[in-house]
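One structure is given here, and the rest of the page talks about it.
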Amino acid sequence: MFDTNVFIEDTCKNVLKNNQVIGYEMQTHITYYRGIPLSMINYVKVKADGVEVPRENIRFTADHIDWFTLDEMETVALIKWEFGVPATVRVLQDGGLSKGTHDVQLTVCTRTAYIPVPLEGVMTRSVVI
Amino acid sequence: MGNIKSCVSLYSFQNQYMTGKSSLEDLLRFVKEDCGADGVEILPDQMLHGTPNPSEKTYQEWSRLMEKYQLDLACADVFLNTTLYKNRELTKRECIDLIKQEIVMAHRLGFKTIRLVSMVPAWILEPCLEAAVKNDVIMAIEIHAGLGFGVPKTEEFLAEVLRLNSPYVGIVPDAGLFCRKFPRVTSEYCKKVYGTNEELIKYAHSVFESGIDFFELTKSRGFFEIEEAKGKGLRFESGAESRVKDPSKDMFYVANLSAYENKPLSVMDPYIKYIKHFHFKLYEMTKTGEEYSIDYKEILTYLKAHDYNGYVSTEYEGNRWTLPGKPIKEKEQVLLHQQYIKKILNEIQ
């Protein structure tokens, strides 16, 4: 459910900081039909070319003001991921993705207000760097 | 005599909004000018930022829009984030506080009714009643197919509604309870996307044609309980399981069968005076200008006969069953549904 909300097309790119490629990031909509506090994001997973990115290498922002690790995000009850506002998922990885084509898979899972099973959305995109 | 009013829920346009094709203002204009609806329903969490404590700027923008479009504010759909934290459920005190915040926000936005989503616990009502009265906001629980009449948490809530017997407490039935035919868009989607077998689909449709539903057949406690029981390896004798040929193709469909009901309208009889708002679910408008599954003439005639004078609100859900790669035709569908509803209303009132 909500797979098509996940991983907005043409948003995956390497991230440059001080002339160094520190990783890559992509944008995504929420796997729900309403905005929720960040603490209700059950998990975010990234796979690049079939290899799962370690959880501790993922950073998340809903507004480009505050960035969080997934562990930190579990207690973020006052900042919301608004419906219709893409969030950015960043993977910290020296050198980012190499030049060429990669299969990048993003999984976003949210806990909801009344559905006992969290809502997971998965999307794989072929990304050209 | 009652006077039933038309309404559109902006829930219907979630995809338009999410993808940036329509702003909140575009949607309000569409509801007012194209649909000609009397009222509008919103999910504050969906199209307003920072809820339940939006900024003054957000309130000001909302006031500007309301002044411009002059729609009745029929209902605000409220949720309760009991799962706010991963390691625990919210306490009663935290839940009560959240709903009170929603009541205050609804009042400031100009709504007089909030819909509490299905499965909100019954104990929320009494401690929030004072805030509801003070802010002149009615709290009404959603009675949704798969989570409706006969489901313990919903029955508890209904008992509490009767016990409190307050003009500030009520229900919002969802017309998905009254599907006379199984939605074929759901079947078509599962057939094309998952490869669900034809025999199973035919069986599902025949169950509804014979006047019953899977909720009834399983004699269970609803959609989620069936799902949870399946996880524990339990089986239900609805006749659907024995028609599963390939679980990877068929089980998603089976899981959805009890999310639609085929109840007689008389299930609402004991609660008539507590109906504060009504969700008119829309899965698919047919070429002849009717909803494929739900007989709205039957429902509107019933409501009219019982002097209902609230809103009936189009809630489009065919978006979930639009085939991948096909455009979601929510505006077109909502417009047709509104024309259909108004035609019936003109006939009966």
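The table below gives the values:
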read-out	value
Qualifying residues in region A:110-128 (those that are surrounded by fewer than 19 Cβ atoms within 10 Å (Cβ to Cβ) and of a type in the set (S, T, N, Q)) - the one farthest from the other protein chains (Cβ to nearest Cβ)	A:Ser126
Top-ranked residue of region A:3-31 - restricted to ones that are in a loop (DSSP other than H, G, I, E, B) and in contact with a Phe, Trp or Tyr (Cβ under 7 Å, 6 or more places away or on another chain), ranked as farthest from the other protein chains (Cβ to nearest Cβ)	A:Cys12
Residue count, region B:1-24 (criterion: in contact with a strand residue (DSSP E or B) (Cβ under 9 Å, 6 or more places away or on another chain) and part of a loop (DSSP other than H, G, I, E, B))	1
Candidate set from region B:30-52 (those that are part of a helix (DSSP H, G or I) and surrounded by 16 or more Cβ atoms within 10 Å (Cβ to Cβ)); member that is farthest from the other protein chains (Cβ to nearest Cβ)	B:Lys32
Residues of region A:32-64 that turn out to be part of a loop (DSSP other than H, G, I, E, B) and more than 14 Å from chain B (Cβ to nearest Cβ), as a count	5
Answer residue from region B:300-349, given it is of a type in the set (Gly, Ala, Ser) and free of Cβ contacts under 8 Å to residues at least 12 places away in the same chain and is farthest from B:Tyr11 (Cα to Cα) among those	B:Ala305
Residue ID - farthest from the other protein chains (Cβ to nearest Cβ), chosen from residues in region A:71-84 that are closer than 26 Å to A:Lys17 by Cα and surrounded by fewer than 18 Cβ atoms within 10 Å (Cβ to Cβ)	A:Glu72
Hits in region B:234-258 (condition: buried (at least 22 other Cβ atoms within 10 Å of the Cβ) and in a loop (DSSP other than H, G, I, E, B))	B:Ser238, B:Ala240, B:Ser258
Residue count for region A:98-108, restricted to those that are among the charged types (D, E, K, R) and either assigned to a strand (DSSP E or B) or within 14 Å of chain B (Cβ to nearest Cβ) (or both)	1
Where a residue in region B:61-88 is more than 7 Å from every other protein chain (Cβ to nearest Cβ) and its partner, wherever it lies, is aromatic (Phe, Trp, Tyr), with Cβ under 6 Å and at least six apart	B:Leu73/B:Phe111; B:Ala74/B:Tyr311; B:Ala76/B:Phe111
Residues within region B:183-216 that are under 15 Å from B:Tyr253 (Cβ atoms) and in a helix (DSSP H, G or I), tallied	23
Lone qualifier among A:Ala113, A:Ala77, A:Ala48, A:Ala62 - being closer than 19 Å to B:His49 by Cβ and within 14 Å of the chain's Cα centre (by Cα)	A:Ala62
The listed residue being closer than 28 Å to B:Glu298 by Cα, surrounded by 24 or more Cβ atoms within 10 Å (Cβ to Cβ) and either without any contact (Cβ under 8 Å) to a residue 12 or more places away in the chain or polar (S, T, N, Q) (or both), out of B:Thr196, B:Thr186	B:Thr186
Breaking point among (1) away from chain A (no Cβ under 12 Å); (2) over 23 Å from A:His29 (Cβ atoms); (3) surrounded by 18 or more Cβ atoms within 10 Å (Cβ to Cβ); (4) aliphatic (A, V, I, L, M), for B:Met119	(1)
Residue in region A:84-97 that is in a strand (DSSP E or B), in contact with a Lys or Arg (Cβ under 6 Å, 6 or more places away or on another chain) and at pLDDT 95 or above present	yes
B:Ser55, sole failed condition from (1) within 14 Å of another protein chain (Cβ to nearest Cβ); (2) closer than 21 Å to A:Tyr33 by Cβ; (3) surrounded by fewer than 22 Cβ atoms within 10 Å (Cβ to Cβ)	(2)
Which numbered condition A:Ala87 misses (of (1) more than 14 Å from chain B (Cβ to nearest Cβ); (2) surrounded by 18 or more Cβ atoms within 10 Å (Cβ to Cβ); (3) closer than 15 Å to A:Val108 by Cα)	(1)
Residue list for region B:280-323, restricted to those being charged (D, E, K, R) and not in a strand (DSSP E or B)	B:Glu284, B:Lys287, B:Glu290, B:Asp295, B:Lys297, B:Glu298, B:Lys304, B:Asp307, B:Glu317, B:Arg320
Region A:25-67, subset in contact with a strand residue (DSSP E or B) (Cβ under 6 Å, 6 or more places away or on another chain) and aromatic (Phe, Trp, Tyr), residue surrounded by the fewest Cβ atoms within 10 Å (Cβ to Cβ)	A:Trp67
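The values are calculated or read from the model by the stated rules, or taken from the named source; none is laboratory data. Values in this document were obtained by computation on a predicted structure and should not be read as measured data. Counting neighbours? That spans all protein chains shown, and the Cβs are built from the backbone with ideal geometry, glycine included.
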